[in-house]
Amino acid sequence: MVDVSKWPLFSLMPPQDLACIWKACVFGASANEAIYINRDHEVFVLGLNCSNCLCTGDNQSTIVPKKLDFLSGKKVVSVSYGSGPHVLLATEEGELFAWGHNVYCQLGNGTTNQGLLPVLVSTNLLDFKVTEVACGSHHSMALTEFGQSSYQVFAWGYNNCGQVGSGSTATQPHPRRVSSGLQTKIAVGIVCGQNSSMAVLDNGEVYGWGYNGNGQLGLGNNSNQLTPDRLAGLRVQQLVCGYAHSLALTDEGDLYAWGANAYGQLGTGNKSNHLSPVAIMGEKGRIVEVAACHSAHTSAAKTQSGQVYMWGHCRGQTVTLPHLTHFSCTDDVFACFATPAVMWRLLSAELDDFLTVAQSLKKEFDNPETADLKFRVDGKFIYVHKAVLKIRCEHFRSMFQSHWNEDAKDVIEIQQFSFPVYRSFLEFLYTDDVELPPEDAIGLLDLATSYCENRLKRLCQHIIKRGITADNAFTFLAASVRYGAEDLEDFCFKFCVNHLTRVTQTDAFQQIDGDLLKDFICRAGRCGAFKN
């Protein structure tokens, strides 16, 4: 969670109002506009109101938050801003609203009239549900859902460099499906640079189009692309774009950068542009998150151990190598060091100025002073509270209310699971969170299955997905089959197919039983993994 008061625009709001902020986005040429959502799903705006980007119906600035009544009762799922500025907002129902600067038709309503009031963008989108939005400087994109598994990309607005992907450089007044190169593909993510666009597919492939003068599309050249072109060689889990550079996080936690580098935003230790992806931060351990936005030349990343690094344009300084910060999240990098100090994503926010019920429970976990029960695992004690366990877990409710032998004990011995696994399980009951290495998460997945803890099971699957590598992929695949984790099984299978050569050379693959091997080979064959 992030303290939004680190952004100057929120610093005048009273603490009780700040505490009600649930999601927020700061944008604008000087980070002088903001949109935020409270816990009742009401939407508010404040700031300079450049180009009517606050959608208040007038061109007046406001230092006091104003409510956007037209969004009353609607839940916001995605927000993005252009540097024009213009704003796109998608609701849970799949509706798309736009307002603000519109000289280049970036609002998608077929006109160039400035959006004083919200535009419901519907042309060519009536049969689609918008799930994600992205803005460049003066162009717009939307990721849409059609049916259960068809995700398609639409783009519109300024197109001088082909950033709309239509095959020409004519401005696009309405949303238009980006079909060339993506016709039969399933997109799962979209991002924009200043005058470029990129999409990530369900198999990790990346396609880019638009301005490429600095190599920001990573295609090995600096020629503009009027239609999507595939960036070869990477399987991407997360992709972000700066003003004219790009960062990609692979499914193995490796970080690559390419594009403009005048401010050191690639993190290579120099200021030379790169037309193709170059690996960075390899010595820092597994990366789990990267951050950049098209309004700035700043980059940030977070490692699996929780360390946050920043580089690029940092409060006027050029930082050419990733610099370790004291921050706990990448959002703080943009609040404190980006120019302008915009947000790189719609973020969740919460102040830590008092202990909530959840925080109090977390504090009391494994506290011998207040505990009334001990678990002994591998010779070590874990201190807990019977009442909490009964409230949080059906297994313990049965144990302490159905006259099990354990109900009369002060110390309960656990032999089926290891100490790290069982401690993480008990801590989860106090915190709703799990922090375990991916390899230990397999044991916790076993426990979650045994205790019928479905949410914990999903968290274990998430940890395993983030920690998967070629070396452990088949071990994870086998575990997902063993514990009936179908979503994880599908994810691990796709990873194994995408890295087939390396996976088949690992010890885990050599040790698999015949039935699993036969099933994997047959399934991989049906996916075309063994094409001539």
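With the Cα gyration tensor of region 1-149 giving a ≥ b ≥ c as the square roots of its eigenvalues, does the rule (a/c under 1.5 for rounded; else a/b larger than b/c for prolate; else oblate) give rounded, prolate or oblate?
It is oblate, given that a/c is not under 1.5 and a/b is not larger than b/c.
In the neighborhood of Val206, defined by Cβ-to-Cβ distances under 13 Å, what is the net charge if each Lys or Arg adds +1 and each Asp or Glu adds -1?
Overall, the nearby charge balance is -1.
From largest to smallest, what semi-axes in whole angstrom does region 89-235 give when each is the square root of 5 times an eigenvalue of its alpha carbon gyration tensor?
Semi-axes (√(5λ), whole Å): 23, 19, 11.
Want the number for Ser30 to Asn405: 0.36 nm per residue separation, take away the alpha-carbon distance, what's left?
That pair, Ser30 and Asn405, stretches by 128.4 nm at full extension.
Would you work out what percent of the accessible area of the chain, with all protein chains in place, is carbon or sulfur (probe 1.4 Å)?
For the chain, the apolar C and S fraction of the accessible surface comes to 48 percent.
Packing-wise, with mean Cβ within 10 Å as the measure, how do 55-62, 339-346, 454-461 rank, highest first?
339-346, 454-461, 55-62
Quick one: Cα centre-to-centre distance for region 475-532 and region 102-125, in angstrom?
Value for the Cα centre distance between the two parts: 47 Å.
Tell me the Rg and the Dmax, in Å, that the Cα atoms of region 161-267 produce.
Cα radius of gyration and Dmax of region 161-267 are 13.0, 40 Å respectively.
Round to the nearest 0.05 the FRET efficiency obtained for Lys271 and Leu324 when R0 = 22 Å and r is the Cβ-Cβ distance.
0.60
I'd like to know which of His139, Leu89, Phe400 lies farthest towards the positive end of the charge dipole of the chain, counting +1 on Cβ of Lys and Arg and -1 on Cβ of Asp and Glu.
His139
How far, in nm, would the chain grow between Thr356 and Phe530 when pulled straight, counting 0.36 nm per residue and subtracting the alpha carbon separation?
57.2 nm
Go from 0 up to the bin containing the longest alpha carbon distance in region 52-92, width 5 Å each, and give me the % of pairs per bin.
For region 52-92, the pair-distance distribution reads 5, 19, 25, 28, 18, 4.
Could you give the length gained by full extension between Leu12 and Ser180, i.e. 0.36 nm per residue of separation minus their alpha carbon distance, to one decimal place?
55.7 nm
Rounded to the nearest whole Å², what accessible area per residue is found for region 1-117 with the 1.4 Å probe?
On a per-residue basis, region 1-117 sits at 41 Å².
May I ask you to rank Asp515, Asp432 by accessible area, largest first, using a 1.4 Å probe over the protein chains only?
Asp515, Asp432
Could I have the simple spin-label model distance between Leu500 and Arg458, label points 7 Å from Cα toward Cβ, reported in nm to one decimal?
Here the answer is 3.3 nm between the modelled labels.
Beta carbons within 10 angstrom, averaged per residue: use that to sort the peptides 384-397, 282-295, highest first.
Ranking, from highest mean packing down: 282-295, 384-397.
Positive end of the dipole of region 227-386, charges at C-beta (+1 Lys, Arg; -1 Asp, Glu), about the Cα centre: which of Ala301, Pro228, His326 has its Cα farthest in that direction?
Pro228
Tell me the per residue accessible area of region 167-324 using a 1.4 Å probe; a whole number in Å² is fine.
Per residue, region 167-324 has 35 Å² of solvent-accessible surface.
In whole Å, what is the distance between the alpha-carbon centres of region 134-204 and region 303-365?
30
If you roll a 1.4 Å probe over the heavy atoms of the protein chains, what accessible area per residue do you get for region 337-480, in Å²?
Averaged over the residues of region 337-480, the accessible area is 50 Å².
Note down the net charge around Ser180, summing +1 for each Lys or Arg and -1 for each Asp or Glu among other residues with Cβ under 14 Å from its Cβ.
Neighbour charge sum, excluding Ser180 itself: +3.
The values are calculated or read from the model by the stated rules, or taken from the named source; none is laboratory data. In this text the structure is predicted, and so the values were computed from the model without any measurement. Using ideal geometry, Cβ is built from the backbone for each residue, glycine included, and neighbour counts are taken over all protein chains shown. The area values use the complete protein model at the heavy-atom level, side chains included, leaving out ligands, DNA and RNA. Shrake-Rupley method; radii C 1.70, N 1.55, O 1.52, S 1.80 Å.
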